[in-house]
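Just so it is clear, none of the values below were taken in a lab; they were calculated from the coordinates. None of the values given here were measured: they were computed from a predicted structure. Note that each Cβ is placed from the backbone with ideal geometry, even for glycine, and that neighbours are counted across all protein chains shown.
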Amino acid sequence: MREFTLSSRYLLFPVRTGAPKSRLSLWVDGRAVREFDLELAAADPEFEVFLDVLDFAGKRTELRSADGSDPGLAAVRQADALPDAAPYGESLRPQFHFTSRRGWLNDPNGLVYADGLWHLYYQHNPYGWNWGNMHWGHAVSEDLVCWRELGIALYPQAYGDWAYSGSGFVLPDGRLGIAYTSTGRGECVAFSDDGGRSFAEIPENPVLRHRGRDPKVFWHEPTGHWVMAVYDEFEDQRWIAIHTSPDLRAWTFASRIGGFYECPELFPIADDAGRERWILYGADGEYLVGGFDGREFRPESGKQRLWFGEFYASQTYTNAPDGRRVQIGWGRGIVFPGMPFNQQMGIACELTLVDGRLRAQPVPELARLRGPYRNWRAGERPDGVIAELVEVTTTLSVPAGARGGLMVRGVPVVWNRIDGTIEVADGVFPLALDAAELDLRILVDRGSVEVFAADGRLAVAKAVRPDFANRQLAGVGEARFGETFAYELGSIW
């Protein structure tokens, strides 16, 4: 145990990934105000993580380890500044995908637009490279491209009662609200009085107890009530359960639909004829198109899939302006060994519904990152040096029974018309397309490649770390090319 007065903004903890875990707690006024697991490095740390203690400034504190004898406690220090002089500047740091300054991230949570800001909350371990200690991290953007990371928005109520995934919404008085899964209690609701920087729980929590998690909460205007779509394990089967509430506090079961696993999404979207349809979406990217009356979802077709590869637990924005349906997913499995951060978010994408199928394209704002470019005329086979961070656009013509495409910095993106697939890096994904031409949009960052094909009918995210020295673009196979552009992309940091 260490005793000291909190005289600075942050406590800095030295960490070495793979070191034995310590269970640490910070005690103020006779109670544990923060408690978490941490791979504390008594010597030779890889990096430092930080704990904001502004709320306890000037207080006498005790820092304790569960076993009472951790030698690493002596290396914990106070500081008024965060530990890195050049944040987000590491060699493997993605340059146009959001990553947290420190620690692990996974599911996007609480996506809501309010007062000119796009709020991105996310599952977050602020104390280490691996999953654990689930908090809600928080970042905001004015344009869905450049993100500014803020402090922790939601701390666990107690050790072991972790803050799992959930959603965000705007209250009638303009404040932000969230619904989330407390692993020790159930589904909980909290409101913010400071523009979404922090949240206070309502006294009625938990508002729902069941076997499940990940509430998606929104206001349903036609019926004048709140709706919660939540993953539910009922009678040992997997469901999305629908509950309704007049006040976010008392919830009534309405219906269930089976066949989906965790992180549900339920949202309206206009189709190409201007009619409102509803999408029920699962964490793995499978979805149904149908109708929703405020209590029951009725599918109108079978399951479909838009995203493939390292894309999981996506969420779309509530309250987005101009009727936009903007989606962000977690790049699950996109790892950054040796870095003080791990995992990334996907590019913000705009969804449309055409011919009964969802389509995804990067938000138009992404074009603001475009800088110098190279281009090849239609009929010319692309071949040349391109930028490290690059967006490539082209249209392929491939004969039936043949393969062709591009090699982008050593990453193959190939349309295989022999078996109706698209090959991205080491992945093969179905692409049923009755056409001889295919438009492609390819984004290459330091840890991933994303491909949008056939006007967004297929989207793929793959974990790829291209060789830094390989800056080559080349056509491969039996492909002819329309006009091809390779744009250098700037950094969001």
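Coupling constants for region 53-58 follow from the phi torsions by the Karplus curve (6.51 cos²θ - 1.76 cosθ + 1.60, θ = phi - 60°), and in residue order they are 10, 4, 5, 10, 4, x Hz; glycine and proline get x.
The separation of region 225-252 from region 65-79, counted between C-alpha centres, amounts to 43 Å. Taking only the alpha carbons of region 2-79, we obtain Rg and Dmax values of 11.8, 34 Å in that order. Amide H contacts under 5 Å for Gly195: Leu176, restricted to partners 5 or more places along the chain or on a different chain, H placed in the peptide plane at 1.01 Å from N. Does a label point 7 Å from the Cα of Ala66, set along Cα-to-beta-carbon, have any residues of region 37-54 with amide nitrogen under 19 Å, and which are they? Inside the label zone: 37-42.
Neighbour counting of Cβ atoms within 10 Å sorts the residues Met228, Met1, fewest neighbours leading, into Met1, Met228.
Computed from label points 7 Å out along Cα-Cβ, the spacing between Ser491 and Asp161 is 4.1 nm.
Taking other residues whose beta carbon is less than 15 angstrom from the beta carbon of Ala41, and scoring Lys, Arg as +1 and Asp, Glu as -1, yields -2.
Stretched out fully, how many nm does the piece from Asp236 to Glu478 gain, at 0.36 nm a residue minus the Cα gap? Could the numbers behind the result be given before it?
Details: separation 242, 0.36 × 242 = 87.12 nm, distance 5.04 nm.
Stretched out fully, the Asp236 to Glu478 stretch lengthens by 82.1 nm.
Lys/Arg Cβ at +1, Asp/Glu Cβ at -1, dipole of region 2-79 taken about the Cα centre: which of Gly68, Pro14, Ala43 is farthest positive-ward? Farthest towards the positive pole: Gly68. Neighbour counts of C-beta atoms inside 10 Å place Phe468, Phe267 in the sequence Phe468, Phe267, starting with the fewest.
What whole-number distance in Å separates the alpha-carbon centres of region 188-219 and region 1-60? That distance is 27 Å. Computed about its Cα centre, the charge dipole of region 2-79 is approximately 220 debye, with only Lys, Arg, Asp and Glu carrying charge at their Cβ.
Directionally averaged projected area (region 103-362, Cα convex hull): 13.4 nm². The dipole here belongs to region 154-268: it is taken about the Cα centre, uses +1 on the Cβ of Lys and Arg and -1 on the Cβ of Asp and Glu, and is about 60 debye. Looking at the chain alone, DSSP beta bridges between its own residues are antiparallel in about 95 percent of cases. Extension gain for Ile202 to Thr183 (0.36 nm times residue separation, less C-alpha to C-alpha distance): 5.2 nm. Counting charges near Thr17 (Lys, Arg +1; Asp, Glu -1) among other residues having Cβ under 15 Å from its Cβ returns a value of -3.
List the residues of region 139-153 whose backbone N lies under 15 Å from a point placed 7 Å from the Cα of Arg9 along the Cα-to-Cβ direction. Answer for this model: 149-152. With Cα atoms as the point set, region 369-489 shows a radius of gyration and Dmax of 13.1, 38 Å. The residues Ile269, Ile178, when put in order of fewest to most other Cβ atoms within 10 Å, stand as Ile269, Ile178.
When only alpha carbons of the chain are considered, Rg and Dmax amount to 23.8, 74 Å.
The trypsin sites (Lys or Arg not before Pro) of region 363-442 that DSSP puts in a loop, and whose beta carbon has at most 15 other beta carbons within 10 Å, are Arg377.
Of the GluC sites (Glu not before Pro) found in region 129-202, not one falls in a DSSP loop while having at most 11 other beta-carbon atoms within 10 Å. Scattering from the C-alpha atoms of region 1-136 alone, worked out with Debye: what is log10 I(q)/I(0) at q = 0.13, 0.15, 0.17 1/Å? Debye output, listed in q order: -0.61, -0.81, -1.01.
Given +1 on the Cβ of Lys and Arg, -1 on the Cβ of Asp and Glu, and no further charges, what dipole in debye does the chain carry about its Cα centre, rounded to the nearest 20? Don't jump to the answer; show the numbers that get you there.
Values: 51 positive and 67 negative charges, 87 e Å.
That gives a dipole near 420 debye.
Between Glu388 and Lys59, the contour length at 0.36 nm per residue exceeds the alpha carbon distance by 113.6 nm.
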